[in-house]
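Participant: First the structure, which I've put down as structure tokens, then a few questions once you've had a look.
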Amino acid sequence: MNHLYDMSNTMATSGTGTTCLEYLQILTAQDTTKISKKRKKELGQYMTPSQTASYMAKILLEGNLKREIKILEPSIGSGFLLAAIADEVLAKHRSLEKLSVTAFEVDTRLISTILQLEAYISKKFSESNIKFSLFLNIEDFLLSNPNHKYDYIITNPPFFKIKKNDPRATVHKDIVHGQPNIYGLFMARCSSQLMPLGRACFLTPRSWTSGLYFTKLRQKLFGLLKIYAIHLFECREAPFSNERIQQESMITWLEKSNEPREKIALSFSNGALDIGQGICRLADPEEVLPPTETCTLVIGRKKRSFPQNLDLTLLDIGLKTSTGKVVPFRCKESLRSAETQSTAPLYWMQHVLPMKLYWPANIKLEHIEVSSKTLKLSVPADNYVLVRRFSPNDLDNHVIATPLIQLGAERVYIENHINYIYKTDSSLTSFEAIGLAIYINSQLVCDYFSERLGHTQINASDLNNLPCPTLEVLSQIGFLHSNNKNLCLETLLS
């Protein structure tokens, strides 16, 4: 059921010198209706830190405002973004005559807090002769009526995966691929609800900026809107450090305009506390959205020029990447801790170090029983390059690869957290495998992936599209390395 709350008459009391964000912090600190971690995860509910909310509102509302504006907050939570908007208006936009906010929330536990916040904002706005109204819809934004348009949209949407047959995925099937994450649906829906010259601001994970799963989202988003600013949190837990979330996050500001942008503002911080104090630069739109890539965002601290002669991809030179076939929980009865005559090596992510395959490593279950059941999970014994899909937090270079040079076993098994690269029409030579591993471990490739993917995951499709030197150059790199010759990668790639 949809409950519409017009809260313009609700009352609250607090000191007039307290900002709206400070008042909300007091309210939430006094909240005794704590939500369980399980329920919070089900809702994908992680509240926006005050410093982050202020920064989002500041960039969203910069410039001159119209006399009357309409704002949409499709997942209001406790109201931190609403409070930040109110503070920004009171600090810099007192010529505003009317602010109307439409908000959505599914967690009825939060209604009382929002009611009190609304009353406090109304009081503060009344003192500045600004009319304020808030309409709170207690329903799922993704299933609501999409007819209204807004001047501004600001949101920290929930994030969790939903099934393809979920009603929310069905309604937004035009952007769904695989198992969608709900935050992407929020972004897509919001992009359709801006007025001309309207602006949107999203606090989301970084994962939507590249890769196959979010291609349709990016195509829709960039078909309607233009990015004018991006902020990247470089710590994996930021800005939700209190929640211990290992998820790279970013803020994206977009505008509905037909005019090409001259520059895109890029800023960086470690977390929420130093937001607004980190590196900021202006980038060309073609640098952030390279026309040669499929709507992929490139977010770098400095402008880089990838060697122009690397105009071929891994696929172009006859190589291909696949993901390890062994999913341990699906074949746990076949995993073994000790080697026998009927077992074969099982390579886990922990075995893959830069230019070194550390196997056996005296960890559990490094072997697998070879049988008719497990044979389909193996690959022929051959020369490969193994690349970790995930990197450890304590390494600066998050792209970790090693050559796998086969000397004995007939079949090998590769766990699902490893990508393996092979030649499609024959076998990699040992020099080619070594040279490719050196190239993938290079700072050049690390920077390439960092600016497109962040530091969390490298998928097979990402590696397949990696710009590469020719096999001849890779073989030369491998030869020089193997014979302890002087190796200058930059010279060989130039």
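Participant: For segment 310-322, enumerate the residues that are among the polar types (S, T, N, Q) and surrounded by 18 or more Cβ atoms within 10 Å (Cβ to Cβ).
Facilitator: Correct list: Thr321 only.
Participant: Only strands (runs of 3 or more DSSP E) wholly contained in segment 135-237 count here; list those with 3 or more residues that are closer than 25 Å to Ala53 by Cβ and among the aliphatic types (A, V, I, L, M).
Facilitator: In segment 135-237, 194-205, 226-233 are the strands (runs of 3 or more DSSP E) which contain 3 or more residues that are closer than 25 Å to Ala53 by Cβ and among the aliphatic types (A, V, I, L, M).
Participant: Also, quick follow-up: Hey, any hits in segment 148-157 for a residue that's more than 22 Å from Ala188 (Cα to Cα) and either among the hydrophobic types (A, V, I, L, M, F, W, C) or surrounded by fewer than 24 Cβ atoms within 10 Å (Cβ to Cβ) (or both)?
Facilitator: no
Participant: Those residues that are touching a helix residue (DSSP H, G or I) at 6+ places or on another chain (Cβ under 8 Å) and of a type in the set (Asp, Glu), I need them from segment 65-102; list them, please.
Facilitator: Within segment 65-102, Glu73, Asp87, Glu88 meet the criteria.
Participant: Give all pairs with beta carbons closer than 6 Å in which a residue from segment 425-438 that is in contact (Cβ under 8 Å) with a residue 40 or more places away in the chain meets a residue that is part of a helix (DSSP H, G or I) and aromatic (Phe, Trp, Tyr); count only pairs at least 6 apart in sequence or on separate chains.
Facilitator: Phe431/Phe479
Participant: Only one of these conditions is not met by Ala437: (1) buried (at least 20 other Cβ atoms within 10 Å of the Cβ); (2) under 23 Å from Asn465 (Cα atoms); (3) out of contact with any Ser or Thr (no Cβ under 6 Å at 6 or more places or on another chain). Which number is it?
Facilitator: So the condition that Ala437 fails would be (3).
Participant: Looking at (1) crowded, with 23+ Cβ neighbours inside 10 Å; (2) at pLDDT 80 or above, which is the only condition Gln193 fails?
Facilitator: Of everything listed in (1) crowded, with 23+ Cβ neighbours inside 10 Å; (2) at pLDDT 80 or above, Gln193 misses just condition (1).
Participant: Can you pull out every residue in segment 305-330 that is free of Cβ contacts under 8 Å to residues at least 60 places away in the same chain and more than 20 Å from Glu293 (Cα to Cα)? It would help to see each step written out before you state the result.
Facilitator: The initial filter retains those residues of segment 305-330 that are free of Cβ contacts under 8 Å to residues at least 60 places away in the same chain, namely 305, 308, 329-330.
If the condition is that a residue be free of Cβ contacts under 8 Å to residues at least 60 places away in the same chain and more than 20 Å from Glu293 (Cα to Cα), then Phe329, Arg330 are the ones that fit.
Participant: Right, something else. Restricting attention to segment 101-132, report how many residues are part of a loop (DSSP other than H, G, I, E, B) and aromatic (Phe, Trp, Tyr).
Facilitator: Count: 0.
Participant: Out of Glu410, Glu432, Glu472, report the one residue that is surrounded by fewer than 23 Cβ atoms within 10 Å (Cβ to Cβ), within 19 Å of Lys320 (Cα to Cα), among the acidic types (Asp, Glu) and assigned by TED's automatic domain parsing to the domain that holds Tyr347.
Facilitator: Details: Glu410 fails: within 19 Å of Lys320 (Cα to Cα); Glu432 fails: surrounded by fewer than 23 Cβ atoms within 10 Å (Cβ to Cβ).
After applying the criteria, what remains is Glu472.
Participant: Another question about this same structure. Restricting the search to segment 265-304, which residues are at pLDDT 90 or above, out of contact with any strand residue (DSSP E or B) (no Cβ under 7 Å at 6 or more places or on another chain) and within 26 Å of Gln51 (Cβ to Cβ)?
Facilitator: Leu297
Residues are listed down the side, and each one gets a yes or a no for (1) under 30 Å from Ile227 (Cα atoms); (2) of a type in the set (Ser, Thr, Tyr); (3) in contact with a Phe, Trp or Tyr (Cβ under 8 Å, 6 or more places away or on another chain); (4) in a helix (DSSP H, G or I):
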| position | (1), (2), (3), (4) |
| --- | --- |
| Arg281 | yes, no, no, no |
| Pro291 | yes, no, no, no |
| Lys302 | yes, no, no, no |
| Pro307 | yes, no, no, no |
| Asp316 | no, no, no, no |
| Lys320 | no, no, yes, no |
| Ala344 | no, no, yes, no |
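Participant: With the structure loaded, tell me whether Glu255 is surrounded by 16 or more Cβ atoms within 10 Å (Cβ to Cβ), at pLDDT 80 or above, in the same structural domain as Gly79 (by TED's automatic domain parsing) and in contact with a Gly (Cβ under 6 Å, 6 or more places away or on another chain) or whether it fails that test. Lay out the reasoning, then the answer.
Facilitator: On the way: surrounded by 16 or more Cβ atoms within 10 Å (Cβ to Cβ): yes; at pLDDT 80 or above: yes; in the same structural domain as Gly79 (by TED's automatic domain parsing): yes; in contact with a Gly (Cβ under 6 Å, 6 or more places away or on another chain): no.
For Glu255, the condition - surrounded by 16 or more Cβ atoms within 10 Å (Cβ to Cβ), at pLDDT 80 or above, in the same structural domain as Gly79 (by TED's automatic domain parsing) and in contact with a Gly (Cβ under 6 Å, 6 or more places away or on another chain) - is not met.
Participant: When residues of segment 246-276 are filtered for being assigned to a loop (DSSP other than H, G, I, E, B) and over 21 Å from Leu224 (Cα atoms), how many remain? If you could, list the steps in order and put the result at the bottom.
Facilitator: Just the residues of segment 246-276 that are assigned to a loop (DSSP other than H, G, I, E, B), to begin with: 246-248, 256-263, 270-276.
Those left that are additionally over 21 Å from Leu224 (Cα atoms): 246-248, 270-276.
Going through segment 246-276 one residue at a time, the tally reaches 10.
Participant: Looking only at segment 89-114, how many residues end up being closer than 24 Å to Leu61 by Cα and either aliphatic (A, V, I, L, M) or touching a residue at least 40 places away in the same chain (Cβ under 8 Å) (or both)?
Facilitator: Residues in segment 89-114 being closer than 24 Å to Leu61 by Cα and either aliphatic (A, V, I, L, M) or touching a residue at least 40 places away in the same chain (Cβ under 8 Å) (or both): 10 in total.
The values are calculated or read from the model by the stated rules, or taken from the named source; none is laboratory data. Everything numeric here is computed off the predicted structure, so don't read it as measured data. So basically every Cβ, Gly included, is an ideal-geometry build from the backbone, and we count neighbours across all protein chains shown.
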